[in-house]
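Written below as structure tokens is the structure these notes are about.
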Amino acid sequence: MKVAIVDYGVGNVANVGYALTRAGYEPVLTKEAAEIKKAPIVVLPGVGAAAPAMAALEATGLVPVLRERVEAKKLLVGICLGMQLLYDISFEDGAVPCLGFLPGRIEKLTNVPKIPHMGWNELVFRDEHPLAENLPSSPYVYFVHSYGKTPPLSDDVLAYADYNSQPIPGIVTGEGLIGMQFHPEKSGAVGHQLLVNLRQCL
Amino acid sequence: MLAKRIVPCLDIRNGRVVKGQQFKNIKDVADPVELGKRYSDEGADELVFYDITASYEGRSIFLDVVRAVAETITIPFTVGGGVGSLEDFDALLKAGADKVSVNSAAVQRPALIREAAEVYGSQCVVLSIDAKRYGDSWHVYVKGGREDTGLDAIAWAKQGEALGAGEICINAMDQDGETEGFAIELCRRLTKELHIPVIASGGAGKAEDFVDVFTQAQVDAALAASIFHFRRVAIRDIKRLLKSKGIPVRL
């Protein structure tokens, strides 16, 4: 199955491609609207800060193409910063309007011992979902981020991690939308299974 | 709960993993991709690859190693050794590394930390410090532990944090390769003073050493090499022991 990884020049996406290949997909890194329209799954990756990433994404001219997919409920998966961009607005270095595919804000983590929230933390699922199938009982995944989705326990938050009693949104969902705040491509066997499960979410 | 991390370290020379004691008596032990994969399968939370070649040919072999590791390994990995410029950061991150550690070059030109953090983000800049006890304090050593800079290790770590380093890896030279336990006092001083994660390195000889450094020094991660290379203790056994002591780990 083809997976189009949106190429907008933000961060190193080679590792996302390797992980998708290991999970049995045919990833293609692309900025071609046609590829992004027709792929059964599109991944929006992202590393770095929200403002330059949104600017780079807008410069590709692909935002309307992504919006069309979302309106048609065709699967779009945001990873790390790519997940954050799915929301209305990010308050990283000011106020950055984002894609607005999901309602909510991205704000700096508060009441946590150290920022970034970096390392392995355990996902707690709030509901049943095809993504959660065949995961081990303690699904640890690898996080590296300083900002997170707020409020943290709204209906779109499928799974969260507990960081010193603060819930940190880990997986978010909407119609045709999945977002992962952590890095599935760096999350060992659990990350692999989550990527394998994406095909069950079509 | 955020898990404490166990981090095997692999020293790479001309594309092979090697291991020495107190930076000397270096022996060839394994293929980096195979050993990295084995550690990952055995429960390592992260890997570190240090290039100890420092020659031009060695650097290009090392980049090949980094690419091969990125294709195969499914956990985060840091690379370091001879990183001196933003170009080095760029080449290593493009080859697939998640984090890059700087050591001597940052002592020589601290602005390198800030520049790398601005371009690539703090999360991928690790300041690695080789420290050796000097009376009641610790001095920063550079050039693979051969040169005493006279700098205070704690002060340098704090400066590194202020410049934008995302993590500090503290390698206690008195402990390196000696398997008599981590440098608890040094690590405790650092975790008190810093707000970024601290990785303890040097001295691990048995599973209890990991319990001690996590409970007594509150470090975020513990790094070791020979204890894993020579299979003295399995990573999972260390993690089971840590869990039994109430320390959160990924099992």
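Per-structure values
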| quantity | calculated |
| --- | --- |
| Residue list for the stretch B:119-165, restricted to those being assigned to a helix (DSSP H, G or I) and either under 26 Å from B:Lys94 (Cα atoms) or free of Cβ contacts under 8 Å to residues at least 12 places away in the same chain (or both) | B:Val119, B:Tyr120, B:Ser122, B:Gln123, B:Cys124, B:Ala155, B:Gly160, B:Glu161, B:Ala162, B:Leu163 |
| Every residue from the stretch A:25-35 that is more than 14 Å from every other protein chain (Cβ to nearest Cβ) and either of a type outside the set (S, T, N, Q) or surrounded by 21 or more Cβ atoms within 10 Å (Cβ to Cβ) (or both) | A:Tyr25, A:Glu26, A:Val28, A:Lys31, A:Glu32, A:Ala33, A:Ala34, A:Glu35 |
| Residues located in the stretch B:231-251, provided they are without any contact (Cβ under 8 Å) to a residue 24 or more places away in the chain and closer than 16 Å to B:Thr179 by Cβ | B:Arg231 |
| Conditions (1) away from chain B (no Cβ under 12 Å); (2) touching a helix residue (DSSP H, G or I) at 6+ places or on another chain (Cβ under 9 Å): number failed by A:Val157 | (2) |
| Every residue from the stretch B:51-83 that is open to solvent by less than 30 Å² (accessible area, probe 1.4 Å), of a type in the set (Phe, Trp, Tyr) and in a helix (DSSP H, G or I) | B:Phe62 |
| Verdict on A:Ala51 being surrounded by 19 or more Cβ atoms within 10 Å (Cβ to Cβ) and either within 14 Å of another protein chain (Cβ to nearest Cβ) or in contact with a Ser or Thr (Cβ under 9 Å, 6 or more places away or on another chain) (or both) | no |
| Given (1) at pLDDT below 95; (2) within 13 Å of chain A (Cβ to nearest Cβ); (3) not in a loop (DSSP other than H, G, I, E, B), index of the condition B:Lys243 fails | (1) |
| Any hit, the stretch A:62-71, residues being in contact (Cβ under 8 Å) with a residue 60 or more places away in the chain, touching a Gly at 6+ places or on another chain (Cβ under 9 Å) and of a type in the set (A, V, I, L, M) | yes |
| Residue within the stretch A:155-166 that is in contact with a Gly (Cβ under 8 Å, 6 or more places away or on another chain) and farther than 16 Å from A:Met180 by Cβ present | no |
| Flag for A:Tyr142 being touching a helix residue (DSSP H, G or I) at 6+ places or on another chain (Cβ under 6 Å), closer than 25 Å to A:Gly188 by Cβ, within 13 Å of another protein chain (Cβ to nearest Cβ) and surrounded by 22 or more Cβ atoms within 10 Å (Cβ to Cβ) | yes |
| Test result for B:Leu190, aliphatic (A, V, I, L, M), in a helix (DSSP H, G or I) and touching a strand residue (DSSP E or B) at 6+ places or on another chain (Cβ under 7 Å) | yes |
| In the stretch A:79-125, residue least open to solvent (accessible area, probe 1.4 Å) [restricted to those that are of a type in the set (Ser, Thr, Tyr) and free of Cβ contacts under 8 Å to residues at least 60 places away in the same chain] | A:Ser90 |
| Looking only at the stretch A:160-202, and only at residues there that are touching an Asp or Glu at 6+ places or on another chain (Cβ under 8 Å) and away from chain B (no Cβ under 13 Å), the one that is farthest from B:Glu42 (Cα to Cα) | A:Gly174 |
| Scope the stretch A:1-24; condition within 11 Å of chain B (Cβ to nearest Cβ), crowded, with 17+ Cβ neighbours inside 10 Å and of a type in the set (Ser, Thr, Tyr); matching residues | A:Tyr18 |
| Check on B:Val119, open to solvent by less than 50 Å² (accessible area, probe 1.4 Å) and β-branched (Val, Ile, Thr) | no |
| Condition check for A:Phe182: closer than 17 Å to B:Arg5 by Cβ and part of a loop (DSSP other than H, G, I, E, B) | yes |
| Residues that are among the acidic types (Asp, Glu) and surrounded by fewer than 24 Cβ atoms within 10 Å (Cβ to Cβ), drawn from the stretch B:122-152 | B:Asp136, B:Glu147, B:Asp148, B:Asp152 |
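The values are calculated or read from the model by the stated rules, or taken from the named source; none is laboratory data. Nothing here was measured: the structure is a model prediction, and the numbers come from that model. All Cβ positions, glycine included, derive from the backbone under ideal geometry; neighbour counts span all protein chains shown. Accessible surface is based on the protein model in full, side chains and every heavy atom, while ligands, DNA and RNA are left aside. Shrake-Rupley method; radii C 1.70, N 1.55, O 1.52, S 1.80 Å.
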